[in-house]
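Below: one structure, written as structure tokens.
The values are calculated or read from the model by the stated rules, or taken from the named source; none is laboratory data. Worth saying up front: this structure is predicted, and the values here are computed from it rather than measured. As a convention, Cβ positions derive from the backbone with ideal geometry for all residues, glycine included, and neighbour counts pool all protein chains shown. Side chains included, ligands, DNA and RNA excluded: accessible areas come from the protein's heavy atoms. Shrake-Rupley method; radii C 1.70, N 1.55, O 1.52, S 1.80 Å.
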Amino acid sequence: MSGQWWRHAAIYQIYPRSFADGTGDGIGDLAGLRNRLGYLKDLGIDALWLSPWYTSPMADAGYDVADYRDIDPLFGTLADAEAFLAEAHALGIRVIVDIVPNHCSDQHPWFQAALAARPGSPERELFWFRPGRGEHGELPPNDWQSNFGGPAWTRVPDGEWYLHLFAPEQPDWNWNHPEVRADFTRTLRFWLDRGVDGFRIDVAEALVKDPALPDFADLPIGVPAPWLDQDGVHEIYREWRAIADSSPQEAIFVGELWLTDPERFARYLRPDELHTGFNFPFLSAAWDAGELRTVVDQTLATHAPVGAPATWVLSNHDVTRVVTRYGRADTRHTWDLTREAHAADLALGTKRARAAALLSLSLPGTVYVYQGEELGLPEVQDLPEEVLADPRWERSGHTDRGRDGCRVPLPWSGDAPPFGFSPAGVRTWLPQPADWKALTAEAQSGDPGSMLTLYRTALRLRHQTADLLAGGLRWLPSDPEVLAYARGDSFVCVVNLGVEPVELPEYAEILLASGDLVAGKLPADTAVWLRTA
């Protein structure tokens, strides 16, 4: 695939710790990923997106980077990464890697130098060091709160405080400093020179802060938070886009953009900035025909003026797995990750997830598949407290169980843990449920009714069906609880989100269905792809 490949690619997200263990230590790594490249080729994806693989103390699973231009020994070596890139490219698979520009690790050499330096020093200007408030500087510089709970400031022994929008081990870079900008351009070129095909930008809207660091509570309602979506961030991405456009491999950027204002979201996707941005309204939507239709319409309307392709995402490494979410009474995505697990009907969630797969894979634009979606894995909601690794758990005072439930290692084969993820007898870094035997890739490969077979077939048809690789969509008349749309001259997708079976439009052939028809009708929570001519 070439010629602006990113406009209609199917991209598979790899969470390296949990994909495949090739060295036998219970943690996923590059050796395991290289061993499973054939599986990914057979799945039918166009590109991979890897969560961070850089040198890191792993305070936040690699999103605390100590060296942006090397591989963490947990995953392998730089030579392993280069071999992986070459092997993936030989199979026709492109590779996108995470870049984490908002913050680094507190073990990064530059932050260690800042801690050793005096207040007001050049070393501290690379970060957000400020004196505290109060009579003795004992209070944080402002009222900003960390995304992981508690204040966004930590005090150092000489009395100053530093900013971290996430964990204390993740100090925020000061993007007003030219050397921060220059070093990240060196990092981009370093990986592009090694053949990386693009970057997913973590927390893409948060790099630039209001230099006045005002209290959030004092701002008028409706004003953007002073740490988000500041106008200066666009200058950075214009510089980055020029670097990507100069690369021979058609490198791209995709932004993690949790923005609710469609117009401000679209500004990041102008032709001289990012290529795409994650579609979180689609990921967050309830299993409801009206809500999903509104999201699809708004998504396409948002992207059209800037000429960017939409992205369609059901889940990722930060949110509840879709099988579980769609089986709950409230099917929306929320950040309510409390200690008590929400009840879920997994049979119902699986049925809806199968239908959602055909929906997302047939909408115009780029689609993302998070590892394990193609196996129909549920969220693991009963992980023992002693194994929880997400910093949200500790920072929340043990009220937020965090995101570990969607990060449990994949089951590949066998009848019992570790299900081929690691050699037999090895304990995986997060425990797998004992009842995942029927969900292994091996068990599903030979089952025509499995989730894996559904994904493989859908991805193959997506590549073979010209109507799915160009143009927009047009809605067809349907019941209020049904989504029915056409792509091109002869493709139609129908999704029944209601409770009663519905009639199908006239068609020449059923290409694929997420479940069996009943007396020629489409049952509840089922989707079908049709050829009409």
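Report yes if residue 120 is in a loop (DSSP other than H, G, I, E, B) and over 27 Å from residue 162 (Cβ atoms), otherwise no.
no
Going through segment 53-94 one residue at a time, which ones are open to solvent by 20 Å² or more (accessible area, probe 1.4 Å), in a loop (DSSP other than H, G, I, E, B) and touching a helix residue (DSSP H, G or I) at 6+ places or on another chain (Cβ under 6 Å)?
Listed by number, the list holds a single entry, 91.
Taking residue 331, is it over 21 Å from residue 48 (Cα atoms) and β-branched (Val, Ile, Thr)?
yes
Residue check: is residue 393 among the aromatic types (Phe, Trp, Tyr), modelled with pLDDT under 95 and crowded, with 17+ Cβ neighbours inside 10 Å?
In short, yes.
Does residue 230 satisfy being within 22 Å of residue 194 (Cβ to Cβ) and either touching a helix residue (DSSP H, G or I) at 6+ places or on another chain (Cβ under 9 Å) or not basic (Lys, Arg) (or both)? Explain how you work it out, then say what you get.
Working: within 22 Å of residue 194 (Cβ to Cβ): no; either touching a helix residue (DSSP H, G or I) at 6+ places or on another chain (Cβ under 9 Å) or not basic (Lys, Arg) (or both): yes.
No.
What strands (runs of 3 or more DSSP E) lie completely within segment 137-244 and have 2 or more residues being farther than 30 Å from residue 90 by Cβ? Full working, then the answer.
Values: elements: 153-155, 161-163, 198-201.
Of the strands (runs of 3 or more DSSP E) lying wholly inside segment 137-244, those with at least 2 residues that are farther than 30 Å from residue 90 by Cβ span 153-155, 161-163.
Given the conditions (1) among the basic types (Lys, Arg); (2) buried (at least 20 other Cβ atoms within 10 Å of the Cβ); (3) over 27 Å from the mean Cα position of the chain (by Cα), report the number of the one that residue 487 does not fulfil.
Status for residue 487: all satisfied but (3).
Go through segment 1-44 and count every residue that is among the β-branched types (Val, Ile, Thr), in a loop (DSSP other than H, G, I, E, B) and open to solvent by less than 10 Å² (accessible area, probe 1.4 Å).
Here the count works out to 0.
Any chance you could count how many residues in segment 343-398 are small (Gly, Ala, Ser) and under 23 Å from residue 60 (Cα atoms)? Write out each step before concluding.
From segment 343-398, those small (Gly, Ala, Ser) are 343-344, 347, 349, 353, 355-357, 360, 362, 365, 372, 376, 389, 396-397; that's our starting set.
Still in the list and also under 23 Å from residue 60 (Cα atoms): 372, 389, 396-397.
Counting residues in segment 343-398 that are small (Gly, Ala, Ser) and under 23 Å from residue 60 (Cα atoms) gives 4.
In this structure, is residue 386 farther than 25 Å from residue 483 by Cβ and assigned to a helix (DSSP H, G or I)?
Spelling it out, residue 386 is indeed farther than 25 Å from residue 483 by Cβ and assigned to a helix (DSSP H, G or I).
Here is a list: 283, 292. Which entry is surrounded by 15 or more Cβ atoms within 10 Å (Cβ to Cβ), without any contact (Cβ under 8 Å) to a residue 60 or more places away in the chain, touching a strand residue (DSSP E or B) at 6+ places or on another chain (Cβ under 7 Å) and closer than 30 Å to residue 330 by Cβ?
Numbers: 292 fails: without any contact (Cβ under 8 Å) to a residue 60 or more places away in the chain.
The unique qualifying residue is 283.
Would you please name the residue that is least open to solvent (accessible area, probe 1.4 Å), looking only at residues in segment 511-523 that are within 19 Å of residue 360 (Cβ to Cβ) and among the hydrophobic types (A, V, I, L, M, F, W, C)?
Filtering first and then ranking leaves 522.
Please identify the pairs in which a residue from segment 340-361 that is open to solvent by less than 10 Å² (accessible area, probe 1.4 Å) has its Cβ atom under 8 Å from the Cβ atom of a residue that is of a type in the set (S, T, N, Q), counting only partners at least 6 apart or on another chain.
That search, which allows pairs on different chains as well, returns 349/324; 355/496; 355/514; 355/526; 357/514; 358/514.
Inspect all residues belonging to segment 165-186 and state whether any of them is in contact with a strand residue (DSSP E or B) (Cβ under 8 Å, 6 or more places away or on another chain), among the polar types (S, T, N, Q) and surrounded by fewer than 17 Cβ atoms within 10 Å (Cβ to Cβ).
So far as segment 165-186 goes, no, none of its residues is in contact with a strand residue (DSSP E or B) (Cβ under 8 Å, 6 or more places away or on another chain), among the polar types (S, T, N, Q) and surrounded by fewer than 17 Cβ atoms within 10 Å (Cβ to Cβ).
Here is a check on your reading of the model: is residue 449 open to solvent by 20 Å² or more (accessible area, probe 1.4 Å) and either under 18 Å from residue 321 (Cβ atoms) or of a type outside the set (Val, Ile, Thr) (or both)?
Criteria met by residue 449.
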